[in-house]
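J.: Structure incoming, see below.
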Amino acid sequence: MPEPLLEVRNLSVAYLTETADVRAVDRVSFTVAPGEFLGIVGESGCGKSTLLFGVAQLLSPPGEVVGGDVIFRGEDMVRLGPDDLRHMRWRDFSIVMQSAMNALNPMKSIEAQFKDTLEAHGTLSHEEIQQRSAEVLEMVGIDPIHLGSYPHQLSGGMRQRAMIAMALLFTPQLVMMDEPTSALDVVAQRSLMTKVKDLQQSLGFAIIFVTHDMSVVSRYSDHVMVMYAGQIAEAARTESIFTRPLHPYTRGLMSAFPSVTGPRRELVGIPGAPPDLARPPTGCRFNPRCPDVMPECLTQDPELYVVGDAEVRCLLYAKQTKKAM
Amino acid sequence: MAVTDIAAAAQPDALEVSVRSRRLLRAILRNRKATVGALILLLMVFVAAFPGLIANHPPQAPLYRANAGPSSSHLLGTTQLGQDVFSQLVWGTRLTLIVTLVVSAIATLISMIIGVTAAYLGGVTDRTLTVVTDVFLIIPVLPLLILLSAYLSPSVTSLIIVLTVTSWAFQARQLRSQGLSLRNRDFLVAARVRGERPMYIILVEIVPTMTSLLVASFLALAVFEVGFAASLQFLGLGNSSELMWGTMLYNAQQAAALESGNALWALAPGAAVALMGAGFALVNFAFDEIGNPALRPVRRRRRARTAA
Amino acid sequence: MGADGNSDRTVADEPLIRTVDLTRHFGLGGLFAKKQVLHAVDDFNLTIHENEIVALVGESGSGKSTVARMLARVYPPTRGEIYYRGRLLNKLRSRKDLLWYRGEVAMVFQDPFSALNPVFRVSHGVTRNLALHRPDVRRDQRRREAERVFESVGLNAKMLRRFPYEMSGGERQRVGFAQALAVRPKLILADEPVSMLDVSIRAGVLNMMSNLRDQEGVSILYITHDLASARYVADRVLVMYAGHLVEEGPTETILGDPKHPYTQLLLSAVAESRQDAESISGDTGEPPKVINPSEGCRFRWRCPYAIEKCSQVTPRPTPIGSRQVACHVAVAQAEANSAAVPTAPITNT
């Protein structure tokens, strides 16, 4: 078994405000192997973006890590000082944000921003900077002629690709992506994802891909983690999640997608809404909306149970299986 | 987006009036700036409402020894005519406060209507109103005053008129910008699509969503008006026999109070003006923070790290 | 077959709403720049009948929202006509006429968070609509009617007293539909009503839309970028690209056998199969901004089948069977197939 690249153990993140303590991420554990593509899926408010920020050590007050560890290549990132973190950032792991327009500086050309990044995290000569900048743009399918362009001059899809190029400047081992395709239309999305998968296969980096749209990630990911109300609801290999979803929430999600091809069937969806994390329900957090709810679900907090090679947080599986550690 | 959403989730932007005032009260008490500012203003209101309880001498009666220094019976000394300075200050609070509030309210109202109408209707209306606003902005105040004082009898009313006419334009620009940013909000398009008339949309749909901006404008204007009113009266506009802090300054100046050693008479009204201004300003700062959670100072809470 | 290609309607069936060469341009650039004209919508022909859900599918920048806003009279068309129940919209000038139209055609917006005025309770829009458009409902009956409307969209009547911030995205969107229904419209223009909702909530709203057509007799123009949901609710589908209508017809026909290369591209981008669509290399998948365009098909740069004619003549929607397609290649192919005698393969024209 190869050493995992990233190991997250019981990570909890909370927003400590004057009026409420909101636990956005509750005891989440997972590992990422080198070169693996992990999809983290969930709807709004489930904590997936917060989880990503927590792993990347990008939380700012009032959000903070209140428990657990994040071990990246053997080092505990939560306890690292800012200098060490800066050294690791971008060289060992990088992050692609949801909206390129939020992350790119509108006043600087692409070239200038690449240069800033290269200089901030490494020492390269002027020619090396030029060369690398052109290289990464070509990698993502943008003509290097656009190095001199400003973000607003590029289309949405191109901006997103530029973000990915920027994340690959130092060829890190782990690239984290927070909904990079949600602002794009379907064709551009498909095009971008294909490119991302190509790059992953040729350069060998691992990806953590956060999204609310399971279909985007289903064709490319090795593993999928479904989050609900700050907790992992189900985690398994991609095929298992899609062919044999175990958690009632995952099953509900599957039945909520209308299909373009195939037979027409009644869409059901999941009634109700995700809980207010400041006051989550007692027992299983999904119980108000669960079609298979049992009496014990209202009082007992389910653990993460192992079923085959999957993990499920659901009391339906409590009796037969052992707890995941 | 979810990151800041969760933090702001406890602070919604629209509440019932009573719930809102209760929340406001709690928020004021928790914010130090707001508490101090609110206390100052409350003090002013109290003094304005019950001057007789605080001052023990009639303010205008020249009964006492002239130019006396501070003593236990005359806390701030007396004027050149033998009037009690402290009583004058106390009794002058009422009119000063009223003028400030009235001018700020009317000016804010005018600037809001003009600003939002310009933003919403756009086109020719916008251009016309913007020109009008600009004209009022660049009119030099002093020459205008001199002109107006030739026609208006010196009185509190003319003071209010002059102040309002010269102050409304400042905020109109800002309110117009705010109006522009709100223009294409879906709920306004929805109002149009259901057939509402433009003036209805402006007054009923847009303006109420701008209440926090309006209150902030009002407070900011009030800070300015306290000093502006006093300055104008100091220069001679306004009726020097009406008792206000500005007229006190005028009278002190006319009597060369500073030079003749009666500094308190000249300084006390100035200090009072500054204090009232500070009161409004402090509440304004805090109001921003109350209304917009993102501006609050983040107090980190020291928590023990849990193992799991 | 009717003149507009709808084989299952008789000529006597007056459509509810119909547009002729609907066009909307926006001027760009300031005083000193060369006059730039953004062509948001060009020569768009649309028909909607009673009791039908028509999906208008396209990506951002395709012009679909602009079409909706023109139909809702948010802004006027640059050219072209809109006929509602046979009446030309431009001719409706008086307040009475305008109000009449607004009581017939209502709109639902995409963003549940900005579509409701945050300072009022959610009953506000419904009550205003009743006041403006339902003279049959007396003042004292308005409350009850508002409750009825809320219930018809699956909301509890008690929610009338809530403020928008107290409701979830899905609930707010239902309020949007309730507001629209309060006027008893014949047509609802729904501009991406589920795009900003969580996946698990969408099903409920989509099912509600189907019910509105079946039980309340309301037609819906469902604007979306999502083919799958269009298939789920719509009777007919219109596909838009860069301001033009490229394909139109019954849902299963279009989605089962798309003739326009853009429709084919869209389908392959969302299909569940593991095969990737055939596409031009370097295609980042985005529609162009149409500024001062020339003649010719606007899809030609991304089209794997483009021929010379495509850059010279703008294709117009042409009937092929029960549908219409704006594509020279597709039309030529159809003509060749329908000829009694097998002909030689298509040559460049």
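J.: Please go through (1) part of a helix (DSSP H, G or I); (2) under 20 Å from B:Ala118 (Cα atoms) for B:Asn184 and return the number of the only condition it doesn't satisfy.
T.: B:Asn184 satisfies all of (1) part of a helix (DSSP H, G or I); (2) under 20 Å from B:Ala118 (Cα atoms) except (1).
J.: Only one of (1) in contact with a helix residue (DSSP H, G or I) (Cβ under 9 Å, 6 or more places away or on another chain); (2) outside any loop (DSSP other than H, G, I, E, B); (3) closer than 19 Å to A:Tyr220 by Cα fails for A:Pro245. Which number is that?
T.: Answer for A:Pro245: the failing condition is (2).
J.: Which of (1) surrounded by fewer than 20 Cβ atoms within 10 Å (Cβ to Cβ); (2) in a strand (DSSP E or B) is the odd one out, the single condition A:Met176 does not satisfy?
T.: (1)
J.: Output the number of the condition that A:Met77 fails; it satisfies all remaining conditions of (1) surrounded by 21 or more Cβ atoms within 10 Å (Cβ to Cβ); (2) at positive phi; (3) in contact with a strand residue (DSSP E or B) (Cβ under 8 Å, 6 or more places away or on another chain).
T.: If we test A:Met77 against (1) surrounded by 21 or more Cβ atoms within 10 Å (Cβ to Cβ); (2) at positive phi; (3) in contact with a strand residue (DSSP E or B) (Cβ under 8 Å, 6 or more places away or on another chain), just (2) comes out false.
Let's see how each residue does on (1) touching a Lys or Arg at 6+ places or on another chain (Cβ under 9 Å); (2) acidic (Asp, Glu); (3) over 23 Å from A:Asp222 (Cα atoms); (4) within 14 Å of chain C (Cβ to nearest Cβ):
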| residue | (1), (2), (3), (4) |
| --- | --- |
| A:Leu137 | yes, no, yes, yes |
| A:Leu147 | no, no, yes, no |
| A:Ser155 | yes, no, yes, yes |
| A:Ala206 | no, no, no, no |
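J.: Being modelled with pLDDT under 90 and buried (at least 24 other Cβ atoms within 10 Å of the Cβ) is true for just one of C:Ile223, C:Ile201, C:Ile188. Which residue is that?
T.: Of C:Ile223, C:Ile201, C:Ile188, the one residue that is modelled with pLDDT under 90 and buried (at least 24 other Cβ atoms within 10 Å of the Cβ) is C:Ile201.
J.: Still on this model: Of all residues in region A:167-181 being farther than 21 Å from A:Met77 by Cβ and more than 10 Å from every other protein chain (Cβ to nearest Cβ), which is nearest to the chain's Cα centre (by Cα)?
T.: Ranking the candidates gives A:Pro180 first.
J.: Then there's this: Just to be sure, is A:Thr194 assigned to a helix (DSSP H, G or I), within 14 Å of another protein chain (Cβ to nearest Cβ), out of contact with any strand residue (DSSP E or B) (no Cβ under 8 Å at 6 or more places or on another chain) and at pLDDT below 90? Give the derivation first.
T.: On the way: assigned to a helix (DSSP H, G or I): yes; within 14 Å of another protein chain (Cβ to nearest Cβ): yes; out of contact with any strand residue (DSSP E or B) (no Cβ under 8 Å at 6 or more places or on another chain): yes; at pLDDT below 90: yes.
So A:Thr194 passes the test.
J.: Take B:Gly195 and decide whether it is out of contact with any Gly (no Cβ under 6 Å at 6 or more places or on another chain), closer than 30 Å to B:Gly92 by Cα and crowded, with 20+ Cβ neighbours inside 10 Å.
T.: No, not satisfied.
J.: Okay, next question. Only residues in region A:84-102 that are surrounded by 20 or more Cβ atoms within 10 Å (Cβ to Cβ) count as the first member; pair them with residues that are part of a strand (DSSP E or B), Cβ under 6 angstrom, at least 6 apart or cross-chain, and list the lot.
T.: Note: pairs meeting the criteria are A:Phe93/A:Leu174; A:Ser94/A:Val175; A:Ile95/A:Met176; A:Val96/A:Met177; A:Met97/A:Asp178; A:Gln98/A:Asp178.
J.: Would you confirm, using the coordinates I've provided, whether B:Glu205 is surrounded by fewer than 20 Cβ atoms within 10 Å (Cβ to Cβ), within 13 Å of chain C (Cβ to nearest Cβ) and acidic (Asp, Glu)? Steps first, answer last, please.
T.: Values: surrounded by fewer than 20 Cβ atoms within 10 Å (Cβ to Cβ): no; within 13 Å of chain C (Cβ to nearest Cβ): yes; acidic (Asp, Glu): yes.
Answer is no for this residue.
J.: Is it fair to say A:Gly269 is facing another protein chain (nearest Cβ under 8 Å) and part of a loop (DSSP other than H, G, I, E, B)?
T.: Taking the combined requirement at face value, the residue satisfies it.
Quick grid of which residues meet (1) more than 10 Å from every other protein chain (Cβ to nearest Cβ); (2) of a type in the set (Phe, Trp, Tyr):
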| position | (1), (2) |
| --- | --- |
| A:Val8 | yes, no |
| A:Ala14 | no, no |
| A:Thr19 | no, no |
| A:Asp26 | yes, no |
| A:Ala33 | yes, no |
| A:Phe37 | yes, yes |
| A:Gly42 | no, no |
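J.: Name every residue in region A:287-313 that is touching a residue at least 60 places away in the same chain (Cβ under 8 Å) and in contact with an Asp or Glu (Cβ under 8 Å, 6 or more places away or on another chain), in order of residue number.
T.: A:Leu304, A:Ala310, A:Glu311, A:Val312, A:Arg313
J.: Here's another thing I want to ask about it. Looking at A:Ser202, A:Ser240, which is the one that is closer than 23 Å to A:Met163 by Cβ, away from chain C (no Cβ under 13 Å) and assigned to a helix (DSSP H, G or I)?
T.: Details: A:Ser240 fails: closer than 23 Å to A:Met163 by Cβ.
None of the other options fit; the residue is A:Ser202.
J.: Continuing with the same structure: Please indicate, with yes or no, whether at least one residue in region B:48-57 is at pLDDT 85 or above, β-branched (Val, Ile, Thr), assigned to a helix (DSSP H, G or I) and in contact with a helix residue (DSSP H, G or I) (Cβ under 7 Å, 6 or more places away or on another chain).
T.: No, region B:48-57 contains no residue that is at pLDDT 85 or above, β-branched (Val, Ile, Thr), assigned to a helix (DSSP H, G or I) and in contact with a helix residue (DSSP H, G or I) (Cβ under 7 Å, 6 or more places away or on another chain).
J.: Still on this structure: Looking at C:Ser123, C:Ser94, C:Ser114 in this structure, which one is crowded, with 19+ Cβ neighbours inside 10 Å, farther than 30 Å from C:Thr253 by Cβ and without any contact (Cβ under 8 Å) to a residue 12 or more places away in the chain?
T.: C:Ser114
J.: Considering only region A:59-75, state which residues are at pLDDT 85 or above and within 12 Å of another protein chain (Cβ to nearest Cβ).
T.: Hits for region A:59-75 are A:Leu59, A:Gly63, A:Glu64, A:Val65, A:Val66, A:Gly67, A:Gly68, A:Asp69.
J.: Continuing with the same structure: Go over the candidates A:Arg23, A:Arg27 one by one and state the one that is crowded, with 17+ Cβ neighbours inside 10 Å, basic (Lys, Arg), over 22 Å from A:Gln200 (Cβ atoms) and touching a Phe, Trp or Tyr at 6+ places or on another chain (Cβ under 9 Å).
T.: Values: A:Arg27 fails: touching a Phe, Trp or Tyr at 6+ places or on another chain (Cβ under 9 Å).
When all the criteria are applied, what remains is A:Arg23.
J.: Follow-up question, since we're still on this one. Can you find a residue that is crowded, with 16+ Cβ neighbours inside 10 Å, on the phi > 0 side of the Ramachandran plot, small (Gly, Ala, Ser) and at pLDDT 85 or above anywhere in region A:277-297?
T.: Yes, region A:277-297 contains at least one residue that is crowded, with 16+ Cβ neighbours inside 10 Å, on the phi > 0 side of the Ramachandran plot, small (Gly, Ala, Ser) and at pLDDT 85 or above.
J.: Which residues, counting only those in region C:139-159, are surrounded by fewer than 22 Cβ atoms within 10 Å (Cβ to Cβ) and more than 25 Å from A:Ile270 (Cβ to Cβ)?
T.: Residues satisfying the conditions are C:Arg139, C:Asp140, C:Gln141, C:Arg142, C:Arg143, C:Arg144, C:Glu145, C:Glu147, C:Arg148.
J.: Which members of region A:253-263 meet the condition of being more than 7 Å from chain C (Cβ to nearest Cβ) and assigned to a loop (DSSP other than H, G, I, E, B)?
T.: A:Ser255, A:Gly262, A:Pro263
J.: Let me ask another. Listed residues C:Val122, C:Val67; which is more than 29 Å from C:Val270 (Cα to Cα), of a type in the set (A, V, I, L, M) and away from chain A (no Cβ under 14 Å)?
T.: Exactly one residue qualifies, and that residue is C:Val122.
J.: So, one more: Of all residues in region C:310-338, which are among the charged types (D, E, K, R) and at pLDDT 90 or above? Give the steps one after another, and end with the answer.
T.: Of region C:310-338, the ones among the charged types (D, E, K, R) are C:316, C:323, C:335.
Result: C:Arg316, C:Arg323.
J.: I'd like the full set of residues that are surrounded by 22 or more Cβ atoms within 10 Å (Cβ to Cβ) and hydrophobic (A, V, I, L, M, F, W, C), limited to region B:244-263.
T.: Residues satisfying the conditions are B:Met244, B:Trp245, B:Met248, B:Leu249, B:Ala252, B:Ala257.
J.: Which residue, of B:Ala252, B:Ala278, B:Ala266, is of a type outside the set (D, E, K, R), in a helix (DSSP H, G or I), under 21 Å from the mean Cα position of the chain (by Cα) and away from every other protein chain (no Cβ under 12 Å)?
T.: Values: B:Ala252 fails: under 21 Å from the mean Cα position of the chain (by Cα); B:Ala266 fails: under 21 Å from the mean Cα position of the chain (by Cα).
Of the residues listed, the single one that is of a type outside the set (D, E, K, R), in a helix (DSSP H, G or I), under 21 Å from the mean Cα position of the chain (by Cα) and away from every other protein chain (no Cβ under 12 Å) is B:Ala278.
J.: Would you check if C:Ile201 is at negative phi, touching a helix residue (DSSP H, G or I) at 6+ places or on another chain (Cβ under 7 Å) and within 14 Å of chain A (Cβ to nearest Cβ)?
T.: yes
The values are calculated or read from the model by the stated rules, or taken from the named source; none is laboratory data. All values derive from a computational prediction rather than experimental measurement. Note that each Cβ is placed from the backbone with ideal geometry, even for glycine, and that neighbours are counted across all protein chains shown.
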